[in-house]
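To start, the structure under review is shown below, and the notes come after it.
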Amino acid sequence: MTAPGPAAELVAEHCRKLFGLLGQAAEPVLRDIVAQCGQPLRVLLVGDVSTGKSTLLNALLSASLAETAFEETTSRVTWYYGPHLGTLRLPDASHRAVAAGFPLADRIVLGDTPGLNTPSENPRETLRMMAGGDLAGAAAAYVCVLGGTEVSGLWEEHLEGLAALSAGPFDLVGNMVLVVPKIDMVDDDIGDIECRAREKIPLTFRFAGVNQLMAAAVRTGAVDRRTVAVLDALRALPSFGSWPPESWAEVWEELSGPFSDADLTAFKDSVGAPDRLPELVRTTAGMDHPSAVAAVFERMSGLAHLEAVLADLAEDADLFTTTAVLLRMRRLAVGLLDAPAARVRSAIAGVTSSEPYQDLWPRAGARLIRHTSVGDGLDPDDQETALRLLSGHGCPPAEAAAALTRWSAREADPFADSRTRHLARLVQDAALRALAEPGTEETL
């Protein structure tokens, strides 16, 4: 999928009609909104310096395109996009674009940003893309790389701001992904970290833990015959049963004879912390081909889960992009004089009253069932029926009638919150549409 969908296309159509009517200052915003509505989902990667953000980016790109170092290396916003898009229009003249044929290039445009925790002037370019910045909403989804295993107070503020940027159907549409990097160095169970994050941040977000060194090694072809040889040598060590080693120095001491420093350094840089070596060595036993070993690296890295989350977000690019660009239009209207502002608000009303926009509500409802506590109390069959109805994939009349009854009861529940009641109305509407399809009466 290249463009988000019909709702975003309608936003672009309304914005084109505003060209030349709002003044010169508004023109760049309008033109970028039109561009955003015609591009794959814009995803922004944000995080602190030294969290491994650039290494994670290289893994997602399957290429060593971003500089990696312990110090600050990213000084401006860079967008990576599929070459099939041609020349990419950027949100700001200071940004740059790099064509890259990465695995998700047909679904997303991936933006890299300067780290947020440095005293330089670079972080302001990131802040411009976040809540309160002049480019807020120019990205429709966010991958937030945390600096540790806990959500700090500063990150709590950033996440709440990003949640405000996703305000749309049901207020929260779940376009934030929290990533705990360097999971090879984390002692806590990744599930416990996620639970603590959800307790502290009562927002709709997705979660992933990644060993980006392993991920980048796989995706950039660094898992090779040399990797297999080092693993075989480790497996043959008499001391293997007493592992994990406390440091890489122990490993170096055991293997410095048959392998060069360059070999061992390359192996270390593809694995991360040494305490994951026992699992890696055991899991790769009997594997003599790099491709088989690479598959183990891929699984242990957690990158596939993160990519699956991004692919899932891209499935609802129309929802996320439309939500983001309507926010940009509302912010644009606030800074205009009465007459131009009225034109923008009229365009917004034209979108939100349209059928393509109304069709976003069931999709938002389906996301609530799949990714929030709203769906926790549902019977699996009831949940599946509701998802089919909301997704418009069809449903047998008997199941639609039963869903109508159950969700009518949920709406009438005096203890249900407003979001659950709104969702119940959406499911009821979808069930009624299913029951109104030709041939339903005869089937019943």
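The values are calculated or read from the model by the stated rules, or taken from the named source; none is laboratory data. What you are looking at is a predicted structure, and each value in this text was computed from that prediction instead of being measured. In this analysis, Cβ positions are derived from the backbone assuming ideal geometry, glycine residues included, and neighbour counts consider all displayed protein chains.
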| task | State all residues of segment 1-48 that are out of contact with any Phe, Trp or Tyr (no Cβ under 9 Å at 6 or more places or on another chain), modelled with pLDDT under 95 and closer than 21 Å to Tyr357 by Cα; if no residue qualifies, say none. | result | Met1, Thr2, Ala3, Gly5
| query | Is there any pair linking a residue in segment 33-52 that is surrounded by 23 or more Cβ atoms within 10 Å (Cβ to Cβ) to one that is among the charged types (D, E, K, R) and outside any loop (DSSP other than H, G, I, E, B), with Cβ under 6 Å and at least six apart or on different chains, and which? | reply | Ile33/Arg328; Leu45/Asp112; Gly47/Lys53
| Inside segment 313-367, can you point out the residues that are more than 15 Å from Arg42 (Cα to Cα), in a helix (DSSP H, G or I) and of a type in the set (Asp, Glu)? | Asp338, Glu355
| task | Look at segment 56-65 and say how many of its residues are farther than 11 Å from Tyr80 by Cα and surrounded by 23 or more Cβ atoms within 10 Å (Cβ to Cβ). | result | 2
| query | Pick from Thr385, Thr405, Thr420: which is hydroxyl-bearing (Ser, Thr, Tyr), surrounded by fewer than 16 Cβ atoms within 10 Å (Cβ to Cβ) and assigned to a helix (DSSP H, G or I)? | reply | Thr405
| Which members of segment 57-79 meet the condition of being modelled with pLDDT of 90 or more, polar (S, T, N, Q) and assigned to a loop (DSSP other than H, G, I, E, B)? | Ser62
| Which one of Phe297, Phe320 is at pLDDT 95 or above and touching a Ser or Thr at 6+ places or on another chain (Cβ under 8 Å)? | Phe297
| message | Test of understanding: among Asp338, Asp359, Asp382, Asp376, which residue is modelled with pLDDT of 90 or more and within 29 Å of the chain's Cα centre (by Cα)? | response | Asp359
| Residue identified as without any contact (Cβ under 8 Å) to a residue 40 or more places away in the chain, assigned by TED's automatic domain parsing to the domain that holds Leu41, under 26 Å from Pro28 (Cβ atoms) and out of contact with any Phe, Trp or Tyr (no Cβ under 9 Å at 6 or more places or on another chain) among Pro83, Pro114 | Pro83
| message | Go through (1) in contact with a Leu (Cβ under 6 Å, 6 or more places away or on another chain); (2) under 20 Å from Leu135 (Cα atoms) for Pro114 and report which single condition fails. | response | (1)
| query | Restricting the search to segment 174-204, which residues are surrounded by 22 or more Cβ atoms within 10 Å (Cβ to Cβ) and at pLDDT below 85? | reply | Gly174
| Counting only residues that are under 14 Å from Lys268 (Cβ atoms) and of a type in the set (Ser, Thr, Tyr), which one in segment 211-249 is surrounded by the fewest Cβ atoms within 10 Å (Cβ to Cβ)? | Ser247
| Residues satisfying the stated conditions in segment 324-348, i.e. closer than 30 Å to Ala386 by Cβ and out of contact with any Lys or Arg (no Cβ under 9 Å at 6 or more places or on another chain) | Val325, Leu326, Leu327
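Rundown of residues vs (1) among the aliphatic types (A, V, I, L, M); (2) in contact (Cβ under 8 Å) with a residue 60 or more places away in the chain, yes/no style:
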| position | (1), (2) |
| --- | --- |
| Val223 | yes, yes |
| Ala229 | yes, no |
| Glu246 | no, no |
| Glu254 | no, no |
| Val271 | yes, yes |
